[in-house]
Structures are given as structure tokens and as C-alpha cells.
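The values are calculated or read from the model by the stated rules, or taken from the named source; none is laboratory data. Owing to the predicted nature of the structure, the values given are computational and were not obtained by experimental measurement. Using ideal geometry, Cβ is built from the backbone for each residue, glycine included, and neighbour counts are taken over all protein chains shown.
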Amino acid sequence: MPQLGRAHDDAIYLTVSKSLAKGTGYRVQNLPGAPVETKYPPVVIWLLAPMWWLNPHFPGNLPIASAIGWAIIPPFLFLTGVWLKRVGISPTWPRCCRSCWAGWHG
């Protein structure tokens, strides 16, 4: 993962997931006073927390983080399609949106 930290979000996700794995809560441990994280949604962070139990050595655990990141893409795309159908968007739109999202982030 040579791009780690380039977007800043991924570094926050890893920092807060490490805090969860250590049992210190949903906090940003690298900031003074370890404030509670209030900006980023918890789902990806919760999914990354077990990575620190499997291999607590950074950056050796980055392949696990990368695998988790890639593994959540298919369920996300599927659930996006289910939600778009549920809100009444035609079947063509979910496929188009998923394809665009996968192409943009792939």
C-alpha cells in the first residue's frame, strides 16, 4: 500500500481501528488527549479492528488492511443495487452506478 496516508482518511481509519482493537475506544490515539473520533463513520473502522489482533505490527499488517478494503467492495456494490431498486430507481441505474463507482475507485 504505497499510497497509505495520501488521502488522510485511511490513516485515520487505521489509527482508530487500532484504538478499538486495543480496547481504548473509538479514539484518535495519535492526537493530544486521544479525542473521541466524531468525523469518520465506524463501519470500515470496525472491519479493520481485527487486523490489529491478527498482526499488530505496522506496516506488516497492511496486506491484511488491503485485503479487507478489497473484500468490502462486492457487498457494497450489491447493497447499493438493492437500495437503488428499493427506492424505485430503474434496474439500469444500479448497474450503471455500480460500474461507475467500481471504475472510479478501482
Could you count how many residues in region 28-62 are in a helix (DSSP H, G or I) and either under 16 Å from Lys18 (Cβ atoms) or more than 16 Å from the chain's Cα centre (by Cα) (or both)? 13
Region 14-25: number of residues that are crowded, with 19+ Cβ neighbours inside 10 Å, under 14 Å from Ala65 (Cα atoms) and touching a helix residue (DSSP H, G or I) at 6+ places or on another chain (Cβ under 6 Å): 3
For region 63-71, does any single residue satisfy the condition of being surrounded by 10 or more Cβ atoms within 10 Å (Cβ to Cβ), among the β-branched types (Val, Ile, Thr) and modelled with pLDDT under 85? no
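Could you list, in sequence order, all residues of region 1-13 that are surrounded by fewer than 16 Cβ atoms within 10 Å (Cβ to Cβ), of a type in the set (A, V, I, L, M, F, W, C) and outside any loop (DSSP other than H, G, I, E, B)? Even if it seems obvious, please write down each step before you answer.
Going through region 1-13, the residues surrounded by fewer than 16 Cβ atoms within 10 Å (Cβ to Cβ) turn out to be 1-9, 11.
Add one more test, that the residue is of a type in the set (A, V, I, L, M, F, W, C), and what stays is 1, 4, 7, 11.
Listed by number, the list holds a single entry, Ala11.
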